[in-house]
1. Hey, among the residues in segment 108-119 that are in contact with a helix residue (DSSP H, G or I) (Cβ under 9 Å, 6 or more places away or on another chain) and farther than 14 Å from residue 88 by Cα, which one's farthest from ligand 1 (Cβ to nearest atom)?
2. Can you work out which of the residues in segment 81-98 that are free of Cβ contacts under 8 Å to residues at least 40 places away in the same chain and not in a helix (DSSP H, G or I) is surrounded by the fewest Cβ atoms within 10 Å (Cβ to Cβ)?
3. Please go through (1) in contact (Cβ under 8 Å) with a residue 12 or more places away in the chain; (2) surrounded by fewer than 19 Cβ atoms within 10 Å (Cβ to Cβ); (3) over 25 Å from residue 158 (Cα atoms) for residue 115 and return the number of the only condition it doesn't satisfy.
4. Quick check on residue 155: is it more than 20 Å from residue 60 (Cβ to Cβ), within 13 Å of ligand 2 (Cβ to nearest atom) and modelled with pLDDT under 95?
5. Please go through segment 61-80 and pick out each residue that is buried (at least 23 other Cβ atoms within 10 Å of the Cβ) and more than 10 Å from ligand 1 (Cβ to nearest atom).
6. So, in segment 137-187, exactly how many residues are more than 27 Å from residue 78 (Cα to Cα) and either in a strand (DSSP E or B) or touching a residue at least 12 places away in the same chain (Cβ under 8 Å) (or both)?
7. Could you grab me the full set of residues in segment 117-136 that are assigned to a strand (DSSP E or B) and either closer than 23 Å to residue 166 by Cα or more than 10 Å from ligand 2 (Cβ to nearest atom) (or both)?
8. Which of (1) within 14 Å of ligand 2 (Cβ to nearest atom); (2) crowded, with 19+ Cβ neighbours inside 10 Å does residue 101 not meet, given it meets every other one?
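The values are calculated or read from the model by the stated rules, or taken from the named source; none is laboratory data. Note that the structure is a prediction, hence the values are computed from the model and not measured. Cβ atoms come from the backbone with ideal geometry, glycine included; neighbour counts cover every protein chain shown.
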Ligand code: SF4
Ligand code: SF4
């Protein structure tokens, strides 16, 4: 699993709400999300084996914005903090105070509410800050740890119902998203 490391801003000393869980996140690489939960399937569905193609179409299920086993973290860099704060009409300091905490390793993370991201509308499965969602959300599930030899890793299929659906991403598109995720800590 890609771990995006950040260490910015003041230490708020808020305890980790999900101890013992591993890195991760949510969101999605798609520019649009299909409204219906569980919908959005297409004739291109091929979840058993994708023939080497990286097919993906977000269904808008919202599952990647919830705590799922070891996946429970959304990391933020300074640019992402600024973008989220601006979208919400808040100062960065107020955003950090209200929505983030600094973990034991000094990384700034979104503070989850119960079992999901504070910006997930559980009813609709929609992200309330979609335009400013963090890179790890924007690039999911195109993380290098979820792609092996140009194919989706089994874990990607297990955690994201959009994997294997929709159009095939080119290797270049997938690589671009993976690199964006890996460089998110520079933002
Ligand atoms: S910021 Fe949006 S896309 Fe990212 S985890 Fe939260 S609700 Fe999901
Ligand atoms: S789990 Fe996959 S299909 Fe569901 S919202 Fe997240 S990216 Fe989209």
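1. Result: 108.
2. My answer is 89.
3. For residue 115, the exception is condition (3).
4. It is true that residue 155 is more than 20 Å from residue 60 (Cβ to Cβ), within 13 Å of ligand 2 (Cβ to nearest atom) and modelled with pLDDT under 95.
5. Matches in segment 61-80: 72, 75, 77.
6. Of the residues in segment 137-187, 19 are more than 27 Å from residue 78 (Cα to Cα) and either in a strand (DSSP E or B) or touching a residue at least 12 places away in the same chain (Cβ under 8 Å) (or both).
7. Selection gives 121, 126, 127.
8. (1)
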